[in-house]
Amino acid sequence: MGFEQILTEVQGRVGVITLNRPEKLNAMTAQMRREMREQIEAWNRDDSVGAIVITGAGRGFCSGADISGFERALQAGQPVDRAREPSWVELVRRSKPIICAINGVAVGVGVTFTLPCDIRVASDQARFSLRFPRIGLTPELASTHYLVQLVGLGHALELMLTGKFIGAAEALRIGLVNHVYPADRLLTEAIALGQEVADNPTWHVLEIKRLIHAHYLERDIDRVLAAEEEVFRQAQASDAHREAIAAFREKREPRFHRG
């Protein structure tokens, strides 16, 4: 695909998307959102890719929405209408696992678009801010749901009500990211993590994602157990399970993907 605002590559079974407006600290535009969605959809259809990493070019991850879009909307007297776009949250929830490798500053949508993704890792140089009230706006992309689930009510309220910056160490402490790495190792570590995921059988990985998203707020444990049991029965009949049993008997690593 001929993209202008992202770069793409595949390493092993991991697809890598790099937000590529370094001169603007990768400020998000409608075109960048569209290009990301198109590439993720393409890799979701590609059996050779099992996981996706998103990172940023240059010293920023994503400095928020490109302010020029808001300026044009104000001048035209019409708000930016993202409701007409396909849902980012819905895409992420059904996608192959997505790891965000946050290499630098992440502000506003540069934080919120990562929250429904599966794993977040950060460079030790990363900084985070939910700046919405500082620019007269309010949070979006279901971030008032996901942020609370990740960091807890108190931390979520503090971050969103103040709009302050926090560093990578604080983001790790409160659970906003899973790991912090030296800047020169971030992408390597993120791809290695993606490869660990991608080596697993795709159907099983997607079913695990679906079950977690369906159940992490479910209070009826019997309902959770029933859903898990149904998927477990299907997994027992899968080729991947047969391969795992054979590999165990033969004292080797299972080969879930050929070629």
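Residues whose amide H lies under 5 Å from that of Asn103, counting only those 5 or more places away or on a different chain, are Gly56, Phe61, Ser123; hydrogens are built 1.01 Å from N in the peptide plane.
For the Cα atoms of the chain, what angle does the longest principal axis make with the long axis of helix 30-44, in degrees from 0 to 90, nearest 10? With both axes taken from Cα atoms, the answer is about 0 degrees.
Across the stretch 197-205, computed HN-Hα scalar couplings (Karplus, 6.51 cos²θ - 1.76 cosθ + 1.60, θ = phi - 60°) run 5, 5, 5, 7, x, 4, 4, 5, 4 Hz from first to last residue, x flagging Gly and Pro. What is the percent of Cα-Cα separations in the stretch 202-249 that go past 13 Å? Roughly 61 percent, once rounded to a whole number. Relative to the longest principal axis of the Cα atoms of the chain, the long axis of helix 67-76 makes an angle of roughly 60 degrees. Connecting C-alpha atoms closer than 10 Å in a GNM of the chain, tell me which of Arg37, Arg45, Arg127 has the biggest fluctuation. Among Arg37, Arg45, Arg127, the largest mean-square fluctuation in the Gaussian network model of the chain belongs to Arg45. As a length-normalised measure over Cα pairs under 8 Å and 6 or more apart, the relative contact order of the stretch 88-138 settles at 40 percent.
Once you keep just the Cα pairs under 8 angstrom separated by 6 or more residues, what percentage relative contact order results for the chain? Relative contact order for the chain comes out at 17 percent.
Expected output is a single nm value to one decimal: the length gained when fully extending between Leu217 and Gln195, i.e. 0.36 nm times separation in residues minus the C-alpha distance. What is it? Don't skip to the answer; put the middle values down first.
Values: separation 22, 0.36 × 22 = 7.92 nm, distance 2.87 nm.
Length difference between fully extended and current span is 5.0 nm.
Taking every alpha-carbon pair within the chain, the share separated by more than 29 Å comes to 34 percent. Considering only Glu170, Glu230, Glu23, the Gaussian network model of the chain with Cα springs below 10 Å gives its largest mean-square fluctuation to Glu230.
At a Förster radius of 51 Å, what calculated FRET efficiency corresponds to the Cβ-Cβ distance of His241 and Ser68, to the nearest 0.05? Kindly include the intermediate steps, with their values, before the conclusion.
On the way: r = 52 Å, r/R0 = 1.02.
For R0 = 51 Å, the calculated efficiency reads 0.45.
Result for the chain in a Gaussian network model with C-alpha springs under 10 Å: among Leu225, Leu211, Leu153, the largest mean-square fluctuation is at Leu225.
Between the amide H of Arg120 and those of Cys100, Asn178, distances stay under 5 Å, these residues lying 5 or more places away or on another chain, with hydrogens modeled in the peptide plane.
Amide H to amide H distances under 5 Å link Val53 with Gly15, Val16, Ile17, Ile99, where only residues 5 or more positions off or on other chains count and H is placed in the peptide plane.
Relative to the longest principal axis of the Cα atoms of the chain, the long axis of helix 239-249 makes an angle of roughly 60 degrees.
A short reminder: the numbers here are calculations on the coordinates, not readings from a lab. Just so it is clear, the model here is predicted, and its values are computed rather than measured. A quick note on method: Cβ atoms are made from the backbone with ideal geometry, for glycine too, and the neighbour counts reach across all protein chains shown.
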